[in-house]
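First the structure, in the form of structure tokens, and then the observations on it.
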Amino acid sequence: DPILIAQRHVADSLAALPVLRNGPTDGLIDIGSGAGFPGLPIAAVMPWPVTVVDSVGKKAAFLRAAADAMGLGDRVDVRNARAETLERASADIVTARAVGSLADLIEVGLPLLRPGGRLVAWKRGDIREEIAAAGRAARALGGSVPRWQPHPEGVTRAADLAGHGVVVVTRVGNPPAGYPRDPATRKRRPW
């Protein structure tokens, strides 16, 4: 249903624009982009260079076709890769929606940020315990205390997104060498 897609996915993706605009914006990496949310809607409305990343070849091919169909081919770089392989300190914003635990996102995303850059992770529901658990990863990897930012009330009401928002972690220190760890190690030894 196209209306449901617009309400649920596009509105959810764009509801975080006030948070995304609040700081440096020279380069955004969207990890685990899948169907293109939130990276492609953000690229459609903001002038920033956007890199969408997915490790699954078919998803990366879809992302390239979608970016081209939207007329975004010149500003959207599609990478068929794992986020762990991307260049460190290469973006001001790293986004992720429906990708793993917050602690894993912090471990993978924080090293990609330049100093002062922000990891913005879309979440929903009661995530207090997940935020508390992710605090250890943030401290160890040079990040600020994770901060919950609910979507604006008008958006949540209009698009039926009650309980949706983003968690923001700012890079305030230097992530140590050796991070992110490989996925198997992260699974064996979670935060």
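What follows draws every value from the coordinates through simple rules; no lab data is involved. Given the structure is predicted, the values throughout are model-derived calculations rather than measurements. Cβ sites come from the backbone with ideal geometry, for glycine too, and all protein chains shown count toward neighbours.
Note on the chain: dipole from Cβ charges, positive end direction compared against Val78, Leu63, Val168; the farthest Cα belongs to Val168.
Where both bridge residues fall in the chain, DSSP classifies roughly 40% of the beta bridges as antiparallel. Each listed q (0.12, 0.13, 0.16 Å⁻¹) maps to a log10 I(q)/I(0) for region 2-188 from the Debye sum over equal C-alpha point scatterers, namely -0.52, -0.62, -0.96. The residues packed around Ala140, meaning those with a beta-carbon under 14 Å from its beta-carbon, carry a net charge of +4 if Lys and Arg are +1 and Asp and Glu are -1. Comparing Val120, Ser90, Ala140 along the charge dipole axis of region 87-191, the residue lying farthest to the positive side is Ala140, per the Cβ-charge model. Here region 2-188 is treated with +1 on each Lys and Arg Cβ and -1 on each Asp and Glu Cβ, and its dipole about the Cα centre works out to around 400 debye. In the chain, helices alone account for a calculated mean residue ellipticity at 222 nm of -9000 deg cm²/dmol, with every DSSP H run of four or more residues adding -39,500 (n - 2.57). Ellipsoid semi-axes for region 102-191, based on the Cα gyration tensor and the rule √(5λ), read 26, 15, 10 Å when sorted largest first.
Contour minus end-to-end for Met70 and Glu129, with contour as 0.36 nm per residue of separation and end-to-end as the Cα-Cα distance? Before the final figure, lay out the partial values.
Numbers: separation 59, 0.36 × 59 = 21.24 nm, distance 3.83 nm.
Stretched out fully, the Met70 to Glu129 stretch lengthens by 17.4 nm.
Along the charge dipole of region 2-188, Cβ charges K/R +1 and D/E -1, which of Val52, Pro18, Gln149 sits furthest on the positive end? Value: Gln149.
Cross-link partners of Lys123 among lysines, defined as those whose alpha carbon lies under 22 angstrom from its own and excluding same-chain residues fewer than eight positions apart: Lys59, Lys187.
Quote to one decimal, in nm, the extra length available between Arg88 and Arg157 on full extension: 0.36 nm per residue of separation minus the C-alpha distance between them. Don't skip to the answer; put the middle values down first.
Details: separation 69, 0.36 × 69 = 24.84 nm, distance 3.80 nm.
Answer, rounded to one decimal: 21.0 nm.
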